[in-house]
Amino acid sequence: MSIYKTILFDLDGTLTDSAQGVTNSIRYALSKFDITEDDPKKLLRFIGSGLDDSFRDIYSFSDQQASDAVDYYREYFREIGINEHTIYPGIKDLLSDLSEQGCRLCTATLKPKIFTEIILKHYNIFDLFEVIGAPELDEKRINKSVIIKRVLEKLSDVRLSETVMVGDRDHDIEGAKENGITGIAVRWGYGSEEEIRNSNPDYIAGNVQGLRDILMY
């Protein structure tokens, strides 16, 4: 059983390990500006965050440069990067078990919807999700709180006290708080220990079994 009837999941760093696909796509985009980046920590900051904002914040790109960089990023991602993902061990079984218990599963990710759907279908978990919460390709500067709000608005008869957001970054937890739902941070993703702690999640899961223990009893 689960005390949470509606469960929203981040994608990158929570359900899938996307580091290779994302960082290779970023490197490709940066190469178009004659930038070579060898610092993995810098590249990992992009994961789970808005691409436009990340290019502006990390590399001081102008709005036009950031927009062009996103286009280059997607050029690589469409052809190669989307296949450079793996699903974390135990996640598929957890999602299946939650679905069998009657939990309503949704995504709440900043990865564009078209790519999110392709990845979920690739791992045969697309049909487990009632709502795919993700931005359209042409949406810019959208944050996680807005995505969570949209998901909740699409669902009927949702009790916020029985709803939880699961993610690996601080904006997952902050977005949960802003929408009045529980936030669970996972340690196997791309958020640092300091980032996770400072976001003050309601729970922290150290591994997939730990997440299962929180969500199911």
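About the centre of its Cα atoms, the chain shows a dipole size close to 300 debye [charges on the beta carbon of Lys, Arg (+1) and Asp, Glu (-1) only; nearest 20 debye].
Provide the FRET efficiency to the nearest 0.05 for the Ile80-Ile142 pair, computing r from the beta carbons and using R0 = 22 Å. With a Förster radius of 22 Å, E is 0.30.
Across the options Asn83, Val166, Val22, the greatest Cα extent toward the positive end of the charge dipole of the chain (unit charges at beta carbon of Lys, Arg, Asp, Glu) belongs to Val166. For segment 176-205, the residues whose amide N sits under 14 Å from a probe point set 7 Å from the Cα of Val158 along the beta carbon direction are 176-183. Considering all C-alpha pairs of segment 19-83, those separated by over 14 Å amount to 50%. The angle between the Cα long axis of helix 63-79 and the main principal axis of the chain comes to about 70°, on a 0 to 90 degree scale.
The coefficient of translational diffusion for the chain, derived via Stokes-Einstein from the alpha carbon Kirkwood radius under 37 °C and 0.692 mPa s, stands at 189 µm²/s.
When Leu94, Leu15, Leu160 are arranged by Cβ crowding within 10 Å, least crowded first, meaning fewest neighbours, the order is Leu160, Leu94, Leu15. Rounded to the nearest 20, the Cβ-based charge dipole of segment 174-217 about its Cα centre (Lys and Arg +1, Asp and Glu -1) stands at 160 debye.
When you restrict to C-alpha pairs under 8 Å that are six or more residues apart and normalise by the size of segment 21-107, the relative contact order lands at 36 percent. So what is log10(I(q)/I(0)) for segment 14-54 at q = 0.24 1/Å, when the Debye sum runs over its Cα atoms only? Results for segment 14-54 at q = 0.24 Å⁻¹ read -0.83.
Estimated from helices alone, the mean residue ellipticity of the chain at 222 nm is -13000 deg cm²/dmol (sum of -39500 (n - 2.57) over DSSP H runs with n ≥ 4, per residue). Our summary gives segment 74-217 a relative contact order of 17 percent, counting only alpha carbon pairs under 8 angstrom and 6 or more residues apart. Under the combined filter of DSSP loop state and at most 11 neighbouring Cβ atoms within 10 Å, segment 153-217 retains these trypsin sites (Lys or Arg not before Pro): Arg159. Here segment 200-217 and segment 74-132 have alpha carbon centers that stand 19 Å from each other. Once the Cβ-Cβ distance between Asp127 and Asp213 is put in as r, and R0 is 41 Å, what FRET efficiency do you end up with, to the nearest 0.05? Efficiency, rounded to the nearest 0.05: 0.95. Does segment 82-148 classify as rounded, prolate or oblate by the C-alpha gyration tensor (a ≥ b ≥ c root eigenvalues; a/c under 1.5 gives rounded; else a/b over b/c gives prolate, otherwise oblate)? Cα axes put segment 82-148 in the oblate bin.
Any read-out appearing in this document is the output of simple, stated calculations on the displayed coordinates, not a laboratory observation. None of the values given here were measured: they were computed from a predicted structure. Virtual Cβ from ideal backbone geometry, glycine too; neighbours counted across all protein chains shown.
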